[in-house]
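First the structure, in the form of structure tokens, and then the observations on it.
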Amino acid sequence: YCLGIVIHKDLNKDWFWKMKKDSPETYNNYVIRSTKGGYKAEARGDPEGKSSAAEADYLISFATKDKTENDATLRSFAEDHIRGPHGHTPITFCTDRSLGF
């Protein structure tokens, strides 16, 4: 596995507030995903990511759009005992989607 870091600055600066004004329904769909209980992984068939970074061992962001491969990797992290700084247990994680991005 490879660890990479991506930093997003001013991600929601302009377009997010414009969306709120121009398309309230789309805006609400974004906001509901970022509120506790708003993101429903099981409804999409996604592996369960934490909805708060404080609850997760790691923040994971993929550079590929291959949902099948990414989901398999996340399921492995969540189910298999993996040795690392978090101990020798399955990994808890959050993703951009589970955080509502």
message: What's the total number of residues in region 49-83 that are open to solvent by less than 50 Å² (accessible area, probe 1.4 Å), under 15 Å from the mean Cα position of the chain (by Cα) and of a type in the set (Val, Ile, Thr)?
response: 2
message: Restricting to region 84-101, give me the number of residues that are surrounded by 14 or more Cβ atoms within 10 Å (Cβ to Cβ) and either over 13 Å from Ala54 (Cβ atoms) or not aromatic (Phe, Trp, Tyr) (or both).
response: 11
statement: The residue that is nearest to Asn28 (Cα to Cα), considering only those in region 74-101 that are in contact (Cβ under 8 Å) with a residue 12 or more places away in the chain and assigned to a helix (DSSP H, G or I), is Leu74
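The values are calculated or read from the model by the stated rules, or taken from the named source; none is laboratory data. Keep in mind that what you see is a predicted model, and the values were worked out from it rather than measured. Don't worry about glycine lacking a Cβ; one is built from the backbone with ideal geometry, like all the others, and counts go over all protein chains shown. Each accessible area value is taken on the protein alone, full model and side chains, heavy atoms only, with ligands, DNA and RNA left out. Shrake-Rupley method; radii C 1.70, N 1.55, O 1.52, S 1.80 Å.
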